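The block underneath contains the structure these notes are about, expressed in structure tokens.
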Amino acid sequence: MSANPPLRHLLEVDDLSAVELARILDLAELTDPPPVLAGSGGVLLFEKPSARTRTSMEMAIDQLGGHPVSLSGAEVGIDTRETAEDLGRLMSGYGRVIGGRVFEHHKLERMASVASVPVVNLLSDDAHPVQTLADLLTLRQCFGRLDGLTVTYVGDANNVARSLAIGCGLVGAAFRISSPPGYRFDDTSTDRIRSAGTDLTVVDEPTEAASGADAIYTDAWYSMGQEEEKRIRQEAFARWRVDESLMDAAGDGAVFLHCLPAHRGDEATDGVLDGPRSRIWPQAHNRMHSARGLLLWLAELSTDQDPERGGTS
């Protein structure tokens, strides 16, 4: 009798190996995935609301034959009504996976420390790994490869940027970033990114960072919980707006990515967001496909079943 495989969680992209990440992207493109969640489902906890994350995860679970249950922050009250640990124990009995979209990353770590099913980070203040899965899937679809690409990120060195930088290292893509002073990676993030093998370059001028890049990526200058900083950030980031001239610096073959929602006219112009090089809508739709690939991979680990062959491996 074989021992149960070790429980795996996805709290940051480097919880995966390069081989595992590639496998998830392959599974994301299955057109007829097996119903590996039939008779079960997943529990999704949302301290922060989201259009893309909730819709994509719920649809992915449904497409695998499962039933998604989404709960708002007021319904679960992580560390107010119940501790993160107690919620991890509780929700483990209701589904095959727990997803959490939270403010403080440690809540997911504590939940994962006691959960008996995989815990997936649907966003924390530190990381956004499920977004990176969609980003890399989109880039692979655009260029037919990931190894050797150069991705330039323009704007706030936030959770999205950190996870994407780590993901680039795992797939062999170079990562450049240009951010205003005071909004750059701290030493801890820089060390973690470089430990993933990422060819990381920090560039002061956004135009220089864009030169020759295969993809230009940006995010909102201010996110949920930062609205009071709106005016300060708009002034600080004014030179880091992605406009048509910045895209021209990257070259004709470059694509534009944004994790959305966009504050049109701030971090990117309408001409870029809606332009011929924009891939923001396939990128958004890939949130669902990559989530499905991740769930298939987690099921594959727990059942020793190969979804592509429909049987045991």
Restricted to region 99-135, and to residues that are aliphatic (A, V, I, L, M) and out of contact with any Gly (no Cβ under 9 Å at 6 or more places or on another chain), which residue is farthest from Val255 (Cα to Cα)? Ala127
Selected residue (criterion: most open to solvent (accessible area, probe 1.4 Å)) from residues of region 10-26 that are under 15 Å from His128 (Cα atoms) and either in contact with a strand residue (DSSP E or B) (Cβ under 6 Å, 6 or more places away or on another chain) or among the hydrophobic types (A, V, I, L, M, F, W, C) (or both): Leu11
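Which one of Ser92, Ser116, Ser40, Ser72 is within 21 Å of the chain's Cα centre (by Cα), of a type outside the set (Asp, Glu) and either farther than 18 Å from Leu301 by Cα or modelled with pLDDT of 95 or more (or both)? Before you say what the answer is, go through the steps one by one.
Details: Ser92 fails: within 21 Å of the chain's Cα centre (by Cα); Ser116 fails: within 21 Å of the chain's Cα centre (by Cα); Ser40 fails: within 21 Å of the chain's Cα centre (by Cα).
Residue meeting the stated conditions: Ser72.
Does at least one position in region 164-177 carry a residue that is of a type in the set (Val, Ile, Thr), over 20 Å from Met288 (Cα atoms) and in contact with a Phe, Trp or Tyr (Cβ under 7 Å, 6 or more places away or on another chain)?
Of all residues in region 164-177, those of a type in the set (Val, Ile, Thr) come to 166, 171, 177.
Within this subset, residues satisfying the condition of being over 20 Å from Met288 (Cα atoms) are 166, 171, 177.
From the residues that got through so far, the ones that are in contact with a Phe, Trp or Tyr (Cβ under 7 Å, 6 or more places away or on another chain) too are 177.
Looking for residues that are of a type in the set (Val, Ile, Thr), over 20 Å from Met288 (Cα atoms) and in contact with a Phe, Trp or Tyr (Cβ under 7 Å, 6 or more places away or on another chain), one finds at least one in region 164-177, hence yes.
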Does Gln141 meet the test of being more than 14 Å from the chain's Cα centre (by Cα), closer than 30 Å to Gly253 by Cα, of a type in the set (S, T, N, Q) and in a helix (DSSP H, G or I)? yes
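The values are calculated or read from the model by the stated rules, or taken from the named source; none is laboratory data. None of these values were measured; they are calculated from a predicted model. All Cβ positions, glycine included, derive from the backbone under ideal geometry; neighbour counts span all protein chains shown. Just the protein is used for accessible areas: all its heavy atoms, side chains included, with ligands, DNA and RNA removed. Shrake-Rupley method; radii C 1.70, N 1.55, O 1.52, S 1.80 Å.
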